[in-house]
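The values are calculated or read from the model by the stated rules, or taken from the named source; none is laboratory data. Keep in mind that what you see is a predicted model, and the values were worked out from it rather than measured. Because the Cβ atoms are built from the backbone with ideal geometry, glycine has one as well, and the counts that use them run over all protein chains shown. In case anyone asks, the SASA skips ligands and DNA or RNA and just uses the protein heavy atoms, side chains included. Shrake-Rupley method; radii C 1.70, N 1.55, O 1.52, S 1.80 Å.
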Amino acid sequence: MTVLQQILEWSKDRPEWQRDALRRLVVNGDLVEEDLDSLTEICKGKYGLSENTKGKPLSEEHVPQRGAAALAVTLNSIFHDKGVNALAENQQLNFSPNLTIVYGDNGAGKTGYIRILKLACRARGQEDILGNIVSGVAPPPPTVNIKYKVGAEEIRQWHGGATDEYISRVSVFDSQCAAVYLNERTDVAFLPFGLDLFDKLVRACRAVRAKLETQQRALSTSSVSRIAEQIPAGTAASRLVGNINSLTKIESVKALTELTVEEQRRIEFLDKSLQDLQTNDPKKLLVQLSLRADRIQALEAHLRNVESILSDSEINKIFDTRAEGKRKAEEANCLRSATFPDDLLHGTGGDFWKAMWDSAQIFSEELAYLDRDFPFTEEGAKCVLCQQNLDHAAVHRLSQFESFVQSTTESELRKLREQFSRLKDILITFKMITEAIDGTLNELNVDYAEKVEKIRHSLEENERRRTEIIAALNEDRELSDQCPVLTSSFESLQAIQLEIQARIKALKESQGEDVREKMTAEVNELKARVILAKHEAEILLEIENKKKIAAYSQCIDETKPNAITQKSTAVTKAIVSEGLKRSFKEELGRLTFRHVEVELKEVGGADGVFYHKLILTRNPGIDVPKVVSEGEQRCISIAAFFAELSTAEDPSAIVFDDPVSSLDFQWRGAVARRLVEESERRQVIVFTHDVVFLLALKQFADQSKVVQLDQHIRRQAIGAGVCVEELPWVAMSVKGKIGFLKNGWQAADKLSRTGNFDAYEKEAAQLYGYLREAWERALEEVLLGGVVERFRPSIETKKLMPLIDITEDDCDAVNVAMSKCSSWLTGHDQAAAARAPVPGSDELKQDIEQLENWVKSIRGRRK
């Protein structure tokens, strides 16, 4: 398993946010502030401190699958449609299976293609792909296509976006991917690819921890201390407030804050009882309370009388009596009509007539005819009303009247009317609040204002009820629906009564301080609960904060780097074995890095990183940065890159971006040789702007007979990154230069034929300059057979033998041709009279063909 694969396997047991952090580090190379905020929220979500934000853990798709398959992944081409940096549209960059050299000057567009490759290959330190932000218009989204092969399979394509498990096996080397760097202590620490993730993960832990601790501290301030000062000490409420933590149950708070009605009354009773015990004359107070208890009994009797008189049953009884009286009155009227003749005066037998009859009866029996039954109709009797003697007809009429009055119906009617009158009188004469009742209520109001208020309100409502009933009776109508219902105040009165009885009992039983202490402790407990209830919301908020603080502590525990350091140490010891160290040493040898002896030395772990320090073998106490230059550090990083590749059995392609940056002539050659050697085993793609390095690559490739492809990237009017399959002029062979001159002649000939002579002369003069340089290149490459060449430090003495065939004609041809070419070079100031016209198109063509024929002639005789 590679380092990244081991980290992937290990990460499966790490917290979710750390797995997400590893993914971001592998994909992006580092974490920005936005990443740290997201990771903090993921960490908090696990413990309910934020919405349960799900992380995206590191998985196989994010890890370059080196060694996952025996077949090599090779790149065929990159096609840029549009949208990447300032690259021209519809450009294709091709690659050969072995060695591809992509040359481009600074600003030519190499970086755009490298960024595409880094995105596809999942190299560390990916960069955002921007559009042409300086064009003045909104750039289109990037559209690219990479064609590649896995072994000998058919060509596959990657269109951007989704991760490709195969193309991710291609490795990219640039300045950001170097595995050698200077740490904060200026020590050079060598970390093979992937091991630096531990260090970055530890830094992420620190950053997330700092955010968590800041948020946790914000929860520490509360008003609980202020509440605790208000609660009597030693009470259950005081103990609860003083010991609030994340485990405090809400039910425990509710049990104290929710007081029953009895408990609330108990507070009033205990307050009054303690006041009673503190009075100067408890015996006198006892007598006063006993008298008050008697008056309360009288008040109770009055209230019971109120409820009795105004009860629904009593009121119904009155209205029922009235209704029955009306029914009986109708019966009496019927009887009267049947009993009395029609010739009697109107109203005879009616109510007024009955009142007159009753009065006449009293007058007769008590004055006129004492001890005689009424009506007295014996011989000589007189009418008590008209004082006339009674004749036979009058006696008969009085007898009828008597029979009517004494009838059952009339008797029942009289009783009903008497009952109705009596019940109504009770209502009318009843006084709701007497002077005595009012005095008792005033007395009780001193200590029991709230309860007395309820009693008075009840009496007032009942008085309204009494008044409405009387009005309905007087108006001979039914009771309206708006008539107040009967209200009872017995509960309030009984509470007062029970409390006074309890106070009396307490006074009788109080024999020492222990009673007062118990009562004081009880009232403090209850009052503490009342205070706690007032601040219940703050207490519950404090409990919630304590839970959050505890949850934050759990989050902070997940940021401890111990496990990361342990794994870093274990993985590093396993991966950085003697074999890797030996491979690193061999790679330095291949790069001819021998003048300073350096080696890898394990220096232990710290905060998730197990360091291997580059030390000077002969002087380990001297810091390497004091001896090794920037170029040498680049050389060391390339050696480390190849050493890492040796640990993975994956022959997939590797891409280098300016690998010889900061290197001098000596190191360029060594690096070029090493890259060409590697291209014999795998595909190697090199991007460079260094012509000397380019020529060195081509030289070693020719010597090793490695198939190579030249790609030239240029900036033109349509944009950067314009691709052609040729080398720049300075690096072209004689054959390439002759082809270039022929193409140039065709363009110049067109200018001549169309009569554009000024433009032709300018183009022809430039071509003669190129032609002279081509003769110089032919002198090195063809006539001298490559024995000596510019930009090459060696002299190929083995190639001297063929030079014996050089003739005087060969040398004269070179001399004449170069002299002619020099006549029209820009920069040579000639006298106006001596200035000859630029040769015509046909002559220019002949001069180019002369070079071509000269080359063919020499090479032909040396076969």
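Beta carbons closer than 6 Å, at least 6 apart along the sequence or on distinct chains, pair a first residue in the range 554-575 that is farther than 15 Å from Arg19 by Cα with a second that is at pLDDT below 80 and part of a helix (DSSP H, G or I) for Ile575/Val3. With the condition kept exactly as written, say whether any residue in the range 146-157 is assigned to a helix (DSSP H, G or I) and modelled with pLDDT of 85 or more. No, that holds for no residue. Filtering the range 215-265 to residues that are touching a residue at least 12 places away in the same chain (Cβ under 8 Å), in a loop (DSSP other than H, G, I, E, B) and within 30 Å of Asp37 (Cα to Cα) leaves Leu219, Ser220, Ser222, Ser223, Asn245, Ser246. Right, Val530: among the β-branched types (Val, Ile, Thr), open to solvent by 40 Å² or more (accessible area, probe 1.4 Å), over 20 Å from Phe642 (Cα atoms) and modelled with pLDDT under 75 or not? So Val530 fails the test.
For (1) of a type outside the set (Phe, Trp, Tyr); (2) under 25 Å from Glu558 (Cα atoms); (3) surrounded by 11 or more Cβ atoms within 10 Å (Cβ to Cβ); (4) out of contact with any His (no Cβ under 7 Å at 6 or more places or on another chain), each residue gets a yes or a no:
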position	(1), (2), (3), (4)
Leu212	yes, yes, yes, yes
Ser220	yes, yes, no, yes
Val224	yes, no, yes, yes
Ile231	yes, no, yes, yes
Arg239	yes, no, yes, yes
Ser246	yes, yes, yes, yes
Ile250	yes, no, yes, yes
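Can you say whether Val596 is surrounded by fewer than 19 Cβ atoms within 10 Å (Cβ to Cβ), of a type in the set (A, V, I, L, M) and at pLDDT below 80, as far as the supplied structure shows? Judged against the criteria, Val596 is a match. Modelled with pLDDT under 70, surrounded by 17 or more Cβ atoms within 10 Å (Cβ to Cβ) and aliphatic (A, V, I, L, M): does that describe Val384? Considered against the rule, which asks whether it is modelled with pLDDT under 70, surrounded by 17 or more Cβ atoms within 10 Å (Cβ to Cβ) and aliphatic (A, V, I, L, M), Val384 comes out as no.
Condition check: open to solvent by less than 30 Å² (accessible area, probe 1.4 Å) and assigned to a helix (DSSP H, G or I). Does Ala765 satisfy that? Explain how you work it out, then say what you get.
Numbers: open to solvent by less than 30 Å² (accessible area, probe 1.4 Å): yes; assigned to a helix (DSSP H, G or I): yes.
Spelling it out, Ala765 is indeed open to solvent by less than 30 Å² (accessible area, probe 1.4 Å) and assigned to a helix (DSSP H, G or I).
Using the structure shown, decide if Glu644 is touching a residue at least 40 places away in the same chain (Cβ under 8 Å) and over 20 Å from Val706 (Cα atoms). Steps first, please.
Values: touching a residue at least 40 places away in the same chain (Cβ under 8 Å): yes; over 20 Å from Val706 (Cα atoms): yes.
For Glu644, the condition - touching a residue at least 40 places away in the same chain (Cβ under 8 Å) and over 20 Å from Val706 (Cα atoms) - is met.
Count of the range 10-60 residues, restricted to those that are aliphatic (A, V, I, L, M), at pLDDT below 90, farther than 19 Å from Pro561 by Cβ and more than 12 Å from the chain's Cα centre (by Cα), is 1.
Here Thr235 fulfils each of the conditions (1) under 20 Å from Cys555 (Cβ atoms); (2) buried (at least 20 other Cβ atoms within 10 Å of the Cβ) apart from (1).
Of the residues that sit in the range 430-475 and are part of a loop (DSSP other than H, G, I, E, B) and touching a residue at least 12 places away in the same chain (Cβ under 8 Å), which one is surrounded by the fewest Cβ atoms within 10 Å (Cβ to Cβ)? Give the derivation first.
Keep residues of the range 430-475 that are part of a loop (DSSP other than H, G, I, E, B), which gives 430-434, 446-448, 475.
Within this subset, residues satisfying the condition of being touching a residue at least 12 places away in the same chain (Cβ under 8 Å) are 430, 432-434, 447-448.
Details: Phe430: 14, Met432: 17, Ile433: 14, Thr434: 11, Asp447: 17, Tyr448: 21.
Selected residue: Thr434.
With respect to the conditions (1) open to solvent by 80 Å² or more (accessible area, probe 1.4 Å); (2) outside any helix (DSSP H, G or I), Glu789 falls short on a single one, namely (1).
Residues that are under 17 Å from Arg715 (Cα atoms), among the aliphatic types (A, V, I, L, M) and under 37 Å from the mean Cα position of the chain (by Cα): does the range 112-121 have at least one? Walk me through how you get there before you give the answer.
Going through the range 112-121, the residues under 17 Å from Arg715 (Cα atoms) turn out to be 112-114.
Retained after the next criterion (residues that are among the aliphatic types (A, V, I, L, M)): 114.
Filter once more, so that each one left must be under 37 Å from the mean Cα position of the chain (by Cα): 114.
Yes, the range 112-121 contains a residue that is under 17 Å from Arg715 (Cα atoms), among the aliphatic types (A, V, I, L, M) and under 37 Å from the mean Cα position of the chain (by Cα).
From the list Glu586, Glu538, pick out the single residue that is open to solvent by 30 Å² or more (accessible area, probe 1.4 Å) and more than 39 Å from the chain's Cα centre (by Cα). Steps first, please.
Details: Glu538 fails: more than 39 Å from the chain's Cα centre (by Cα).
Exactly one residue qualifies, and that residue is Glu586.
Identify all residues within the range 97-132 that are open to solvent by 10 Å² or more (accessible area, probe 1.4 Å) and within 22 Å of Ala701 (Cβ to Cβ); write none if there are none. Hits for the range 97-132 are Pro97, Asn98, Tyr103, Asp105, Lys110. Within the range 613-635, at least one residue is at pLDDT 75 or above, within 30 Å of Tyr148 (Cα to Cα) and crowded, with 17+ Cβ neighbours inside 10 Å. Counting the residues of the range 673-696 that are at pLDDT below 90 and of a type outside the set (D, E, K, R) gives 7. Considering the range 735-762 alone, what residues qualify as being open to solvent by less than 30 Å² (accessible area, probe 1.4 Å) and charged (D, E, K, R)? Hits for the range 735-762 are Lys737, Asp749.
Looking at Leu771, is it surrounded by fewer than 17 Cβ atoms within 10 Å (Cβ to Cβ) and in contact with a helix residue (DSSP H, G or I) (Cβ under 8 Å, 6 or more places away or on another chain)?
Numbers: surrounded by fewer than 17 Cβ atoms within 10 Å (Cβ to Cβ): no; in contact with a helix residue (DSSP H, G or I) (Cβ under 8 Å, 6 or more places away or on another chain): yes.
No; evaluated as a whole, the condition is false for this residue.
When Glu89, Glu41, Glu51, Glu61 are checked against the criterion of being free of Cβ contacts under 8 Å to residues at least 12 places away in the same chain and either surrounded by fewer than 22 Cβ atoms within 10 Å (Cβ to Cβ) or hydrophobic (A, V, I, L, M, F, W, C) (or both), Glu51 stands alone in meeting it. Considering every residue within the range 820-838, establish whether at least one is modelled with pLDDT of 90 or more and surrounded by 12 or more Cβ atoms within 10 Å (Cβ to Cβ). So far as the range 820-838 goes, no, none of its residues is modelled with pLDDT of 90 or more and surrounded by 12 or more Cβ atoms within 10 Å (Cβ to Cβ).
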